[in-house]
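Chemist: Would you mind keeping the following structure in view while I ask a few things?
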Protein chains: 2
Amino acid sequence: MEHQDGTFRSYLEEKGGVEKPPVVDPNAVARFKSRKRKQKVLTAKDYVQGIRSGNRTLLSQAITIVESNLQEHYELAQEIITECLPFSGNSIRIGITGVPGAGKSTFIESFGKYITQKKHSLAVLAIDPSSERTKGSILGDKTRMVELSVDENAYIRPSPSAGSLGGVARKTRESIILCEAAGFDVIFVETVGVGQSETAVHSMVDFFLLLMLAGAGDELQGIKRGIMEMADSISITKADGSNIDKAKVARSEYQTALSLFPPHPSGVTQKVTVCSALEKRGLSEIWKIIEEYVSTTKHAGFFEEKRNQQAKYWMYESIHEQLQRNFYSSPKIQKHLAATEQKVIQQQKSSFVAAQELLDIYFQYKEKS
Amino acid sequence: MEHQDGTFRSYLEEKGGVEKPPVVDPNAVARFKSRKRKQKVLTAKDYVQGIRSGNRTLLSQAITIVESNLQEHYELAQEIITECLPFSGNSIRIGITGVPGAGKSTFIESFGKYITQKKHSLAVLAIDPSSERTKGSILGDKTRMVELSVDENAYIRPSPSAGSLGGVARKTRESIILCEAAGFDVIFVETVGVGQSETAVHSMVDFFLLLMLAGAGDELQGIKRGIMEMADSISITKADGSNIDKAKVARSEYQTALSLFPPHPSGVTQKVTVCSALEKRGLSEIWKIIEEYVSTTKHAGFFEEKRNQQAKYWMYESIHEQLQRNFYSSPKIQKHLAATEQKVIQQQKSSFVAAQELLDIYFQYKEKS
């Protein structure tokens, strides 16, 4: 059972099946409107041209349109994305998550700098469905990444506004396409390390890096069970000062633990490293692991196959999410759902009979309406 | 990405979203029909009375009706289940899975005997969505469990006929209800240890036991990633003869590995044991772990809460499965799906635009029809 707190809403949210009311940054809308007044209305072609020529302002504006929940932006957004699609795909997409306290921001800053110094251009995106609650702390504050935010080979995009996981994931996945069309050849997708967002990130990146702490104990409380097996590599962070030995012990423990798992679907062994973002050590090892992973899996065909699977996965996920949204937003279902659920819990109805009754109500209503 | 082989069908099957053509045992139907000819047609009340009074023949017949894919059996089945519901719930439901070669049958035979000797009555069910391929090898052959099959305190039910995972899972879950109404106070649900069936079993049992082999290496190939974190306890089997020391090493490795995982949602530490089904050693320890788990989680309210969640889970799973089945069986969707999927893979359409187009087609068609 994935959903722990037992509410119907949390069940749906995990399933990506309910969209919260649109939360739109009023400033963004105002900026967009004032821009429209001041200058000619840009077409999708204008945006794509701007994106392709490296215009960061137009890239940011286009992402804002993609992230917008306004119906008037939807078609423009989809046109921009479709035009960008042929120029997308030429990057290494890296998901980064970690236990709370593992120092994700500091790591992304140091690792990002390491990568841009290697003449790569880097875009940093984020998925944080909880940002409504945390007020967008994730990447919301560029001061967390002082050096990277002024690096001309890096582009940091704050987390999209809150919404259902499905909605946020869609926005991030489409932003990846735009960033790739803009020429970025390495994409980070940061996630908060709790809840279902890892599954979403895992389904849109080529390589998934998990940051752990030595002797984390309590810190593990927050992370999702199963995430270790999802990771393509684990790095024990903060391996500096008096923490080095502890980190090395943790590395060997995690490496042993991983060896007990079933083999990774790529065929590549999941490696565990230690690193210090502060002292900038261990970063080259991680980059080497990623480069080797990409090269091996490209050679074996796994890389492309996984991308194809992901594209299909998101198509089917979207279909299922919308089917469910349509069902649960039906007035007839809203009227009967809670009572039916209670009967199931009180063993007055079997789960399957209850489901069948609700489905009958739904489809009859659909046919009549 | 859960689905590995890339076919649309495998994706759907994992999602439980497609029902294979009904596979009905012709003999069962013939038996049923001849029974109807020979004797008065039994009502749901007759079956429930028989089940409640310990009539094994009527229990088996009722389960056959539940498992039937014939429309004419559906209503009778649901009536029997609804009548049995108030008498269900009073058992410990134990899921048992293991890597190939771990000796599940031998274990179930020995562990089952241990339990019936403790004056419990035991029903053994199975989930094997692959049984179409393996021709129902799982539990199909009662000779695998010679002693248990003649034990008057045990009831072994062969695996239901093949079908989608969702369909098979429904049948097994409903059979649990019938067995509980028949008074069995311990239920085993055996599963094959590959694919998605573990998730289904995990969502219908109170306690999930994973059987592993020492130094399994290659044998791990088949089991699903994530299953170790799903287990409530792990036992290393075949800890006999020259294998004892290896098993003990494995136990300590797995115990360490589990300690690196996030805490179990129940709050109970997952314990790893060794056992020998052959020499009947280690069985009492496993039973003690299960009894303590049940007592602790009942006291904490987790036990009941998990059952409620499971009942809800199956209601929502059934709804989602049927919504998807309705979508994918729509002639309009069948006409467009493959081509749309190809466009997504070839990056001519974004996953989300493709989904939206298919949904528009589906809902327009629904409204017209």
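The values are calculated or read from the model by the stated rules, or taken from the named source; none is laboratory data. Predicted, not measured: the structure shown is a model, and the values here were computed from it. As a convention, Cβ positions derive from the backbone with ideal geometry for all residues, glycine included, and neighbour counts pool all protein chains shown. Side chains are part of the model used for accessible areas, which takes the heavy atoms of the whole protein and leaves out ligands, DNA and RNA. Shrake-Rupley method; radii C 1.70, N 1.55, O 1.52, S 1.80 Å.
Chemist: Along Cα-to-Cβ, 7 Å out, sits the label point; list in nm, shortest first, how far the one on A:L70 is from those in the other copies.
Modeler: 6.2
Chemist: Would you mind giving the total buried accessible surface between chains B and A, with a 1.4 Å probe and ligands, DNA and RNA left out, rounded to the nearest 100 Å²? Could you put the intermediate results ahead of the total?
Modeler: Values: alone 19010 and 19050 Å², together 30640 Å².
Counting both chains, the buried surface is close to 7400 Å².
Chemist: Can I ask one more? Using the beta-carbon distance between A:E291 and B:E72 and R0 = 51 Å, what value does 1/(1 + (r/R0)^6) give for FRET efficiency, to the nearest 0.05? Before the final figure, lay out each step's value.
Modeler: Working: r = 62 Å, r/R0 = 1.21.
E between A:E291 and B:E72, to the nearest 0.05, is 0.25.
Chemist: Where the label is 7 Å out from Cα toward Cβ, how close does A:I244 come to the same position in every other copy, in nm, shortest first?
Modeler: 4.5
Chemist: Using a 10 Å cut-off on Cβ to Cβ distances, tally the other chain neighbours for every residue of B:204-213 and report the average as a whole number. Write out the running numbers ahead of the final one.
Modeler: Numbers: counts 1, 0, 0, 0, 0, 0, 0, 0, 1, 0.
Whole-number average of other-chain Cβ neighbours for B:204-213 is 0.
Chemist: Now a separate question. What residues have an amide H closer than 5 Å to that of B:Y155, excluding those fewer than 5 places away on the same chain, when H is modeled at 1.01 Å from N in the peptide plane?
Modeler: For B:Y155, whose amide H was placed from the backbone, the distant partners under 5 Å are B:L122, B:A123, B:V124.
Chemist: May I pose another question? Give me a single rounded figure for A:333-340: the average over its residues of other chain Cβ atoms within 10 Å of their Cβ. Don't skip to the answer; put the middle values down first.
Modeler: Working: counts 1, 0, 0, 0, 3, 0, 0, 1.
Neighbouring Cβ atoms belonging to other protein chains average 1 per residue here.
Chemist: Something else: Would you mind giving the mean number of other chain beta-carbons within 10 Å of the Cβ of each residue in B:257-270, as a whole number? Present the calculation step by step, with values, prior to reporting the outcome.
Modeler: On the way: counts 9, 2, 4, 10, 8, 12, 5, 1, 3, 0, 0, 0, 0, 0.
What the average comes to for B:257-270 is 4.
Chemist: Would you check the accessible area of B:D360, probe 1.4 Å, heavy atoms only, in square angstrom rounded to 10?
Modeler: Roll a 1.4 Å probe over it and B:D360 shows about 80 Å².
Chemist: To continue, here is another question. Past the 32 Å Cα-Cα mark, which pairs from A:K171/A:K306; A:K312/A:K366; A:K40/A:K298?
Modeler: Listed pairs above 32 Å: A:K40/A:K298.
Chemist: Report the calculated FRET efficiency for A:V146 and A:Q117 (r = Cβ-Cβ distance, R0 = 25 Å), to the nearest 0.05. Could you put the intermediate results ahead of the total?
Modeler: On the way: r = 16 Å, r/R0 = 0.64.
The calculated FRET efficiency here is 0.95.
Chemist: Work out, in µm²/s and without decimals, the Stokes-Einstein translational diffusion coefficient of the stretch A:314-368 at 4 °C, 1.567 mPa s, Rh from Kirkwood over C-alpha pairs. Walk me through the numbers before you get to the answer.
Modeler: Working: Rh = 12.0 Å.
In µm²/s, the coefficient rounds to 108.
Chemist: Under 5 Å between amide hydrogens, which residues at least 5 positions from A:A214 or on another chain qualify, with H placed 1.01 Å from N in the peptide plane?
Modeler: Under 5 Å from the amide H of A:A214: A:T237.
Chemist: I would also like to ask the following. On full extension of the chain, what length is gained from A:Q342 through A:K246, given 0.36 nm per residue of separation minus the C-alpha to C-alpha distance?
Modeler: On the way: separation 96, 0.36 × 96 = 34.56 nm, distance 4.98 nm.
Taking 0.36 nm per residue and subtracting the Cα distance, the gain is 29.6 nm.
Chemist: How far is B:K368 from the same spot in each other copy, in nm, shortest first, if each label point sits 7 Å from Cα toward Cβ?
Modeler: Those separations, rounded to one decimal, come out as 2.4 nm.
Chemist: A further question follows. So who's got an amide H within less than 5 Å of the one on A:I92, skipping anything under 5 residues away but keeping other chains? H placed 1.01 Å off N, in plane.
Modeler: Placed amide hydrogens put A:V186, A:I187 under 5 Å from A:I92.
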